[in-house]
1. Kindly provide the set of residues from region 101-146 that are surrounded by fewer than 19 Cβ atoms within 10 Å (Cβ to Cβ), assigned to a loop (DSSP other than H, G, I, E, B) and among the β-branched types (Val, Ile, Thr), ordered by number.
2. If I filter region 74-91 for residues that are within 16 Å of the ligand (Cβ to nearest atom), within 30 Å of Gly132 (Cβ to Cβ) and touching a residue at least 40 places away in the same chain (Cβ under 8 Å), do I get at least one hit?
3. Listed residues Asp370, Asp374, Asp356, Asp321; which is modelled with pLDDT of 95 or more, out of contact with any strand residue (DSSP E or B) (no Cβ under 8 Å at 6 or more places or on another chain) and closer than 22 Å to Ala146 by Cβ?
4. List the strands (runs of 3 or more DSSP E) inside region 147-254, counting only whole elements, that have at least 2 residues being over 21 Å from Leu291 (Cα atoms) and out of contact with any Ser or Thr (no Cβ under 9 Å at 6 or more places or on another chain).
5. How many residues are closer than 18 Å to Pro358 by Cβ and under 20 Å from the mean Cα position of the chain (by Cα) when one looks only at region 144-165?
6. Residue check: is Glu202 within 16 Å of the ligand (Cβ to nearest atom) and among the acidic types (Asp, Glu)?
7. Might you check whether a residue that is within 16 Å of the ligand (Cβ to nearest atom), surrounded by 22 or more Cβ atoms within 10 Å (Cβ to Cβ) and on the phi < 0 side of the Ramachandran plot occurs anywhere in region 53-66?
8. Does Thr172 count as open to solvent by less than 10 Å² (accessible area, probe 1.4 Å) and free of Cβ contacts under 8 Å to residues at least 60 places away in the same chain?
Amino acid sequence: MKLGNSILSAYETSVFEVMSRLAREHDAVNLGQGFPDSNGPDDVRQVAVEATDKGPNQYPPSPGLPELRQAVAAHGKRFYDLDIDWQTETLITCGGTHALASCFLGLIEPGDEVVMFEPVFDTYLPMVRRAGGIPKLVRLSPPDWAVPRAALRAAFSAKTKLVLVNSPMNPTGKVFDRAELEDIAALCREFDAFAVCDEVYEHLVFDNLRHIPLMTLPGMRERTVRIGSAGKIFSLTGWKIGFLTGPKHMVQPIFRAHQAVIFSVVPSLQKAVAYGLGKDDAFFASIAVELQGKRDRFMAALAKVGFLAFKPHGTYFVTADFRPLGANDDALGFCTRLVTEAGVAAIPLSALYEGDIPQHLIRFAFCKRDEVLDEAARRLAKYFGKT
Ligand code: GLN
């Protein structure tokens, strides 16, 4: 028998899927896969209901509904003063993951090098490799996950096609600062590289920090694609509506990949997201404020139990070192024990590294109702004998 594609066959089922399944089987509080447990804003859902009812429900234009593409361009102007031509510089995708895959398929030639930061979100490596890219990983380390300048420079070469920047960063919760972004931008200019920016957590930034799109830095507008996600903005992760902006010469080949893989995206949900992106500033400010409260609540609980947790400045996630608890399992073993015995699911960061893999780090998602976080905290405290 012939075999399937060797690159993709080498990867396992996603750790997010595995942990969510274990959480269901063991009736655990699921702080593994990152999704909120609310149902999203009523008004946004209502627009989707009406649009589904009234239609049209046939294929929308392949790059997206004009009203959503216009809303995406307006969102870029409103928050970052970016001038985006909605007709040539936007694309609506099936979530951030599909936007990323379209970028890799649309931009990478076999043999091109792709610089990315480790720990690395689990879809990046398989899709970059499947597109023919050669990953060049730059490892970030706790507690602050600062970009190691010399290693970053060493990762770039004449063969670098693009750098992949995920800020705010999953799983670390790191928000890249201006100096780091300036270094990345300088290297992109020097080596004539593109940047693909996964900015799906752009509105989930804490501690009065500001998200800075790499695209806004000098010389980057014409070489950067920026990816956003309605799932993260509106707490509707299952909707899988993503959006992408970039210069026409990048968006065009990315669009070719998009039209070949998925062609177009659910029209009624696009309509609802177009409405949602027009919500007032108070809405956009409130999502981060609420989430910051949850971060503080859950970090306090983790400290009480005895974890060494690293304060995230954005995203849904907090990363923690479990060695202070005296545990000497590897990260997957620890998470398996946690979900089956303590009744709390988390993600082993070991699934997000290659090579010399750290085995003491795990990730919790705190984008949950307070009572759910408290129940998880109660179970952890009980399991580790801290009550
Ligand atoms: N972004 C989600 C997380 O990091 C996972 C999405 C997925 O399961 N592909 O938890």
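The values are calculated or read from the model by the stated rules, or taken from the named source; none is laboratory data. The model shown is predicted, which means the values in this text are computed figures rather than measured ones. Don't worry about glycine lacking a Cβ; one is built from the backbone with ideal geometry, like all the others, and counts go over all protein chains shown. Surface areas here come from the heavy atoms of the whole protein model, side chains and all, with no ligands, DNA or RNA. Shrake-Rupley method; radii C 1.70, N 1.55, O 1.52, S 1.80 Å.
1. Once the filter is applied, which keeps residues that are surrounded by fewer than 19 Cβ atoms within 10 Å (Cβ to Cβ), assigned to a loop (DSSP other than H, G, I, E, B) and among the β-branched types (Val, Ile, Thr), region 101-146 yields only Thr123.
2. At the first step, the residues of region 74-91 found to be within 16 Å of the ligand (Cβ to nearest atom) are none.
Among the residues of region 74-91, not one is within 16 Å of the ligand (Cβ to nearest atom), within 30 Å of Gly132 (Cβ to Cβ) and touching a residue at least 40 places away in the same chain (Cβ under 8 Å), which makes the answer no.
3. Details: Asp370 fails: closer than 22 Å to Ala146 by Cβ; Asp374 fails: closer than 22 Å to Ala146 by Cβ; Asp321 fails: out of contact with any strand residue (DSSP E or B) (no Cβ under 8 Å at 6 or more places or on another chain).
Only one candidate passes the filter, namely Asp356.
4. On the way: elements: 160-166, 194-198, 224-229, 242-245.
So the answer is 160-166.
5. Within region 144-165, residues that are closer than 18 Å to Pro358 by Cβ and under 20 Å from the mean Cα position of the chain (by Cα) number 4.
6. Values: within 16 Å of the ligand (Cβ to nearest atom): yes; among the acidic types (Asp, Glu): yes.
So Glu202 fits the description; yes.
7. Of all residues in region 53-66, those within 16 Å of the ligand (Cβ to nearest atom) come to none.
No, every residue in region 53-66 fails to be within 16 Å of the ligand (Cβ to nearest atom), surrounded by 22 or more Cβ atoms within 10 Å (Cβ to Cβ) and on the phi < 0 side of the Ramachandran plot.
8. Here the answer is no, as Thr172 does not meet what is asked.
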